[in-house]
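The values are calculated or read from the model by the stated rules, or taken from the named source; none is laboratory data. As the structure is a computational prediction, the values presented were derived from the model and not from experiment. Here the Cβ positions follow ideal geometry from the backbone for every residue, glycine too, while neighbour counts run over all protein chains shown.
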Amino acid sequence: MPQLVRLQADYFIEPIFLGAEDFDDTDYVNASDLPLSPGLTEAIDAWQQALDITFDHQFGRNSGFKTDEERVAFHTRGLDLARRLQSELGSEYEVYYEREPVFAQASS
Amino acid sequence: MRVDPDQDWIELVERERINLADVVAWTRMADGSLVWLERGNQDAGLRHIISRHERDFAEFGIPAGELSEFLIEMVRNGEPVMMQGTRQVYRVFYRGQDWHVAVTVGDNGFIVGANPVGQRKLRQLLRKQNAPTRPTTS
């Protein structure tokens, strides 16, 4: 049965939720904890940081993207990264972007 | 002199212009600071936590329908046990067992986000916490 991988960013936490076969290993992990290319690992880290910088340390409540365009661009980038994740991880993993399953990006 | 234990909360409500109708729970932490959980929006607060992590909490055994109740219990009775980077990890006893939750809070006490912490992460944090410190050289 494929292992669940969910790409979803939140402030200051590892962006990948891994549903491991051994329940004790189910947790949030960094891209570097998975067998991924350095390029994809760096791209996921940069994507996570793009959200972290929107955190409002002073007031909390005002955290997040200031415009819908920024939010849409962030999620478009995330979906693309999730597809790349599925491509690199192969069929042993089932990758989701947030709540939706994604399919491997066709190689061009 | 009698000190009203809620006076600080009342002052915080006024200072931060908190709409009490939006407050789900608040508490005073072990370090004396006040934190509160609001219904919030898609980027911060209870709505944000549910939309981002409802499924993760469910993977760990907190059903979606109980998540609000669980988070309120965490705010009211959670015990801070360790740090995970900038996030405080709380241990909360809920439905007969201990759970661990990492919480992101603004400097003013507003709870922005919360996510479950699994055994894998706890093991890593404990290893880090118990690691011997490197002796300093003069």
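Does the range A:1-21 include one or more residues that are farther than 19 Å from B:GLY118 by Cβ and surrounded by 16 or more Cβ atoms within 10 Å (Cβ to Cβ)? No, the range A:1-21 has no match at all.
Scan the range A:36-54 and tell me whether some residue there is away from chain B (no Cβ under 14 Å) and assigned to a loop (DSSP other than H, G, I, E, B). Yes, the range A:36-54 contains at least one residue that is away from chain B (no Cβ under 14 Å) and assigned to a loop (DSSP other than H, G, I, E, B).
Assess whether A:LEU85 counts as being touching a helix residue (DSSP H, G or I) at 6+ places or on another chain (Cβ under 6 Å), more than 14 Å from every other protein chain (Cβ to nearest Cβ) and not in a loop (DSSP other than H, G, I, E, B). So A:LEU85 fails the test. In this structure, B:GLU66 does not satisfy being away from chain A (no Cβ under 12 Å), loosely packed, with under 14 Cβ neighbours inside 10 Å and either free of Cβ contacts under 8 Å to residues at least 60 places away in the same chain or under 17 Å from the mean Cα position of the chain (by Cα) (or both).
A quick yes/no check of all residues on (1) within 12 Å of chain A (Cβ to nearest Cβ); (2) touching a residue at least 60 places away in the same chain (Cβ under 8 Å); (3) polar (S, T, N, Q):
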residue	(1), (2), (3)
B:TRP9	no, no, no
B:LEU12	no, yes, no
B:ARG17	yes, no, no
B:LEU34	no, yes, no
B:GLU38	yes, yes, no
B:ILE49	yes, yes, no
B:GLU54	yes, no, no
B:PHE70	no, no, no
B:PRO80	no, no, no
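How do the pairs read when you match residues in the range B:93-115 that are more than 13 Å from chain A (Cβ to nearest Cβ) with residues anywhere that are of a type in the set (Val, Ile, Thr), using Cβ under 7 Å and keeping only pairs 6 or more apart or on different chains? Pairs found: B:TRP99/B:VAL92. Residues being part of a helix (DSSP H, G or I) and at the interface with chain B (Cβ under 8 Å from one of its Cβ atoms) are entirely absent from the range A:57-67.
Please verify whether A:GLN8 is in contact (Cβ under 8 Å) with a residue 12 or more places away in the chain, among the polar types (S, T, N, Q) and closer than 17 Å to B:ARG52 by Cα, treating the condition exactly as stated.
On the way: in contact (Cβ under 8 Å) with a residue 12 or more places away in the chain: yes; among the polar types (S, T, N, Q): yes; closer than 17 Å to B:ARG52 by Cα: yes.
When the stated conditions are applied, A:GLN8 passes them.
A:PHE103 satisfies every condition listed in (1) surrounded by fewer than 13 Cβ atoms within 10 Å (Cβ to Cβ); (2) out of contact with any helix residue (DSSP H, G or I) (no Cβ under 8 Å at 6 or more places or on another chain); (3) more than 13 Å from chain B (Cβ to nearest Cβ) except (2). Scanning the range B:90-108 finds no residues that are modelled with pLDDT under 90 and either crowded, with 16+ Cβ neighbours inside 10 Å or under 19 Å from A:TYR28 (Cβ atoms) (or both). Inclusion of B:THR86 among residues that are in contact with a Ser or Thr (Cβ under 8 Å, 6 or more places away or on another chain), at pLDDT below 90 and of a type in the set (Ser, Thr, Tyr) is warranted. Out of the residues in the range A:58-75 meeting the condition of being touching a strand residue (DSSP E or B) at 6+ places or on another chain (Cβ under 9 Å) and at pLDDT 95 or above, tell me which one is surrounded by the most Cβ atoms within 10 Å (Cβ to Cβ). Only one residue fits best here, namely A:SER63.
Residues in the range A:1-23 that are within 9 Å of chain B (Cβ to nearest Cβ) and in a strand (DSSP E or B) were compared, and the one that is farthest from B:GLN88 (Cα to Cα) is A:LEU4. Being within 15 Å of the chain's Cα centre (by Cα) and at pLDDT below 90 holds for only one residue in A:GLY78, A:GLY19, A:GLY39, and it is A:GLY19.
Taking the range B:24-43 as the range and being more than 11 Å from the chain's Cα centre (by Cα), surrounded by 16 or more Cβ atoms within 10 Å (Cβ to Cβ) and in a loop (DSSP other than H, G, I, E, B) as the test, the residues that pass are B:GLY40, B:ASP43.
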